[in-house]
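For reference, the structure is listed below as structure tokens.
The values are calculated or read from the model by the stated rules, or taken from the named source; none is laboratory data. Only a predicted model underlies this, so the values are computations on that prediction, with no experimental measurement involved. No Cβ is skipped: glycine too gets one built from the backbone with ideal geometry, and neighbour counts run over all protein chains shown.
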Amino acid sequence: MKTISLTIDGMSCQACATRIEKVLSRKETISHVEVNFAGERANVTFDEEHLSEDEIISYIENTGFKAKLITENSTSISPEKIPFPYLMIIAWIAVIPFSISMVGMILHRDNLMINPTIQLIIATIVQFISGAHFYRGAFAAIKNHSANMDVLVVIGTSSIWAYSVYMLLLGNYHHIYFEAAVMVIAFVSFGKYLELRVKRQSLNSIGLLMGLTPKNTEVWRNEQWQILPLSEVIIGDKLRIKQGEKIGADGYVLTGDAWCDEGHLTGESKHVHKKIGDKVFAGSITSNGSIQICATALGNKTLLGDMMRLLDEAQNSKAPIARLADKVAAIFVPAVLLIAVVTFIINYIFLKDINISLIRSVAVLVIACPCALGLATPAAIMAGMGVAARQGILFKDAASLENAGKIDTVVLDKTGTLTIGKPQLIEFIIINSQNYNKKDFLQMAAAVETHVSHPLANAILQSAKQIEDLIIPNANNINVEAGSGVCANVDNYGLVKIGLPEYCEISLPENLNEIWQHSSIVAISNKNNQAIFAIADSLRDDSIEAINTIKKQGIDIGIASGDQNSTVQYIANLLNIDKAYGNSLPQDKLSIIKQLQKQNHIVAMVGDGVNDAAALTQANIGITLRGGTDIAEHSSSVTLMNRSIMQVADTISIARATLNTIRQNLFFAFIYNILGIPLAAIGLLSPVLAGGAMALSSISVLINAVRLKHFKPIKK
């Protein structure tokens, strides 16, 4: 199976997105389809052996929309330019004489009235030229046995135009309503134009990220420095970045030193000092220095590019709460058509006036366009994702964002999460030995731990490397038991086991001092040779503040760690956390998450190690810190780019704010129709006012979503 992303042009409402999903879902070779109306994107998973990308594009275009494949090197995730609205301007120019005519009618000034024939000419131009795209959309929808906003607009305005033409031919000039059709098209077109601008500009966070890289940069070419477009830079080029300039590529520092602002990646505003050999990232801004770097990654291969890709995919995925809007949109337009017919019949029965009955039924058609309903959820998701990205928080998809807003319990790993993750060897005890000294044990330990990715293993390696003349022997037949330990055959020593004391079959001495009570104990055994290491780590600077902030959000907190109970309890006491689970193997952490879920808790697991992977997958939300193990990042739903536990609190607050915005948007969308349709049916809303109200409903939903972009998580 293969998944592709496409841009979709021409959707007028959620019903269009639903139609595309239905058409593609009918194909047996397509397993999954998600179409985002607000993002104008589609994600399609299909059997590439029996279906091509061009065929998928053809299916979409047969439904009346334009589709374009987003390739790996494509820049189309950036917002496309909005075409100049010539046809909308024509419609609004036509509104001017009709407005003057309406004033003349109110003031009984015949000299301000437009000749009916001229009205026909102007209205016809607007109806079939400015409104041509409505007809194309309606025809495509009907051809595919569905209905959308275009169908409502076309039926409504065409009815008014046709009826007015009929009255004009009869010479009944008092019952022509060309101005209503013209103004409805003008208002709806203006609303759709504003909607497009907000979607592609104000809601777009990808464009902001793209603006972080320079268009040109200074490159060493032909034995001299040249200013070249960034597109001409190749991997291996030497770039010079002066004070105040943006870095255009990922790389490492060759010469010089400078302070770099990497807030676009981490959400952290503090600057980082970069010197020879240090990594630098595209989009960073240098200050207080100048550096020369070697480019190692460009464009979408950089960390910024990868972040943009992940954000783009997440923004255009669909949250479970969006299914409500999808279900309503699927039946909404047919239901509105039925309501409009019933409105016409009832009004004609009671009023015996075909003019009033027609106007009221048309007003129902216009006010009930489902645009706001389709925008309610995806617009808020796009805004929320953008806010999170600026804070250095990356959600894998929209469902993750929605679930994060419902969290009531957080379980945290200890090492590397609550603590710095750079523990040090502080004490060493040989329990049994056959002429082995400290150097021998460190050599054996280092030989095995070289093959392990864990902060405790790194602590032992660093201590071993500090001993002069220590040679790390080769190890083979590595066998890792996640959460327990690792064993291997080490040259000149034989089988060596290192890990938890029980894994190494070692009984701890009873007279260990307080240092051992608050440290992680790593045991090592080789035949009858046994020793233990005391490894201590310190809390992150923000751990206490972060835990207090999470608690203020009404979240229950627990710690689950593979370290011994005393060490875990010590950290829990420092942080005032009641639930502490020590000696937790991967299956124990998994069991803890399952037990909490059985108690109807929505659980987030926070960790960055191999032994956290199962729990991260099982949790409703798995949160990992960037730079953790690959399996942890793969198993998680959220990545914290700043490696700060405070970002867990930020994740929850942003997700909750997004959910609140979605609920507000859905309320706005429904209330417009709940109130608007009855008002239109009884004549309190003319088609013109209905057109304006419909446009206002979409814009209000989008503006409410844009408001979310200014949300800032509370730090205390």
Query - Yes/no for residue 582 being modelled with pLDDT of 85 or more, under 13 Å from residue 412 (Cα atoms) and crowded, with 23+ Cβ neighbours inside 10 Å - result: no
Report task. Can you give me the number of residues within the stretch 491-520 that are more than 47 Å from the chain's Cα centre (by Cα) and either at negative phi or in a strand (DSSP E or B) (or both)? Result -> 12
Requested in this report: May I ask you to say which residue of 293, 381, 331 is at pLDDT 80 or above, in a helix (DSSP H, G or I) and β-branched (Val, Ile, Thr)?
Outcome: 381
**Report entry** Residue list for the stretch 577-603, filter: under 26 Å from the mean Cα position of the chain (by Cα) and of a type in the set (Val, Ile, Thr)
**Finding:** 593, 602, 603
Report summary line: Note: among 677, 671, 703, 682, just one is within 19 Å of residue 196 (Cβ to Cβ) and either touching a helix residue (DSSP H, G or I) at 6+ places or on another chain (Cβ under 7 Å) or modelled with pLDDT of 85 or more (or both), namely 703
Query - Flag if residue 91 is surrounded by 22 or more Cβ atoms within 10 Å (Cβ to Cβ), at pLDDT 90 or above and at negative phi - result: yes
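Yes/no matrix, rows are residues, columns are (1) in a helix (DSSP H, G or I); (2) touching a Ser or Thr at 6+ places or on another chain (Cβ under 9 Å); (3) surrounded by 19 or more Cβ atoms within 10 Å (Cβ to Cβ):
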position	(1), (2), (3)
522	no, no, yes
530	no, yes, yes
547	yes, no, yes
550	yes, no, yes
554	no, no, no
563	no, yes, yes
Query raised in the report: Quick one: how many residues across the stretch 22-59 are acidic (Asp, Glu) and touching a residue at least 60 places away in the same chain (Cβ under 8 Å)?
Result: 2
Query raised in the report: Can you tell me which residues in the stretch 604-629 are buried (at least 24 other Cβ atoms within 10 Å of the Cβ) and over 20 Å from the mean Cα position of the chain (by Cα)?
Result: 607, 608, 609, 611, 612, 613, 615, 628
Query raised in the report: Which one of the conditions (1) out of contact with any His (no Cβ under 6 Å at 6 or more places or on another chain); (2) among the hydrophobic types (A, V, I, L, M, F, W, C); (3) free of Cβ contacts under 8 Å to residues at least 60 places away in the same chain does residue 478 fail to meet, given that it meets all the rest?
Result: (1)
Query - Index of the failed condition, residue 328 passing every other in (1) touching a residue at least 24 places away in the same chain (Cβ under 8 Å); (2) surrounded by fewer than 23 Cβ atoms within 10 Å (Cβ to Cβ); (3) within 20 Å of residue 161 (Cα to Cα) - result: (3)
**Report entry** Output for the stretch 488-547, where each listed residue is touching a Pro at 6+ places or on another chain (Cβ under 9 Å) and within 30 Å of residue 649 (Cα to Cα)
**Finding:** 519, 520, 535, 536, 537, 538
Requested in this report: Collect the residues in the stretch 142-197 that are assigned to a helix (DSSP H, G or I), buried (at least 19 other Cβ atoms within 10 Å of the Cβ) and of a type in the set (Ser, Thr, Tyr), keeping them in residue-number order.
Outcome: 157, 159, 163, 164, 189
Report task. Could you please let me know if residue 250 is over 21 Å from the mean Cα position of the chain (by Cα), at pLDDT 90 or above, on the phi < 0 side of the Ramachandran plot and among the charged types (D, E, K, R)? Result -> yes
Requested in this report: Please tell me if residue 620 is touching a residue at least 40 places away in the same chain (Cβ under 8 Å) and either in the same structural domain as residue 264 (by TED's automatic domain parsing) or in contact with a Pro (Cβ under 7 Å, 6 or more places away or on another chain) (or both).
Outcome: no
Report summary line: For residue 670, the lone unmet condition from (1) free of Cβ contacts under 8 Å to residues at least 12 places away in the same chain; (2) in a helix (DSSP H, G or I) is (1)
Query raised in the report: Counting only residues that are over 18 Å from residue 68 (Cα atoms) and surrounded by fewer than 20 Cβ atoms within 10 Å (Cβ to Cβ), how many does the stretch 1-31 have?
Result: 8
Report task. May I ask you to verify whether residue 574 is surrounded by fewer than 19 Cβ atoms within 10 Å (Cβ to Cβ) and either within 20 Å of residue 611 (Cβ to Cβ) or within 32 Å of the chain's Cα centre (by Cα) (or both)? Result -> no
Query raised in the report: Just to be sure, is residue 319 small (Gly, Ala, Ser), in a helix (DSSP H, G or I), outside the structural domain of residue 606 (by TED's automatic domain parsing) and more than 30 Å from residue 168 (Cα to Cα)?
Result: no
Query raised in the report: Of (1) touching a strand residue (DSSP E or B) at 6+ places or on another chain (Cβ under 9 Å); (2) outside any strand (DSSP E or B), residue 34 satisfies all except one. Which?
Result: (2)
